[in-house]
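One structure below.
Read-outs: derived from the displayed coordinates by stated rules, not from any lab. None of these values were measured; they are calculated from a predicted model. Note: ideal-geometry Cβ built from the backbone for every residue, glycine included; neighbour counts use all protein chains shown.
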Amino acid sequence: MPRTSTTEDTSPEPFDERVIDAADRLLRAALRGYTFRLAIKCDTCGAWISDPEYVRRHRGPVCHRRVNGGAA
């Protein structure tokens, strides 16, 4: 009589890419609907910046004027 194993295979199931959580669904919907905007914090004061011009500078408009002596 063949011997059978008494231990079960406990290896994890393969990852199913079709299963995503609610946060992933929201992110994908935002990306599809172009409602996603890049925002960073100002290097000087820490305020959130989303204007592409100031995102590139890493400074908000107020801090940029302050650092550059009033120039925009």
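Of note:
- Environment charge at ARG59 (Cβ cut-off 14 Å; Lys +1, Arg +1, Asp -1, Glu -1): +2
- Charge sum, other residues only, whose C-beta stays under 15 Å from LEU31's C-beta, Lys/Arg counted +1 and Asp/Glu -1: +3
- Proximal charge balance of ASP43 [Cβ under 10 Å; K/R count +1, D/E count -1]: +3
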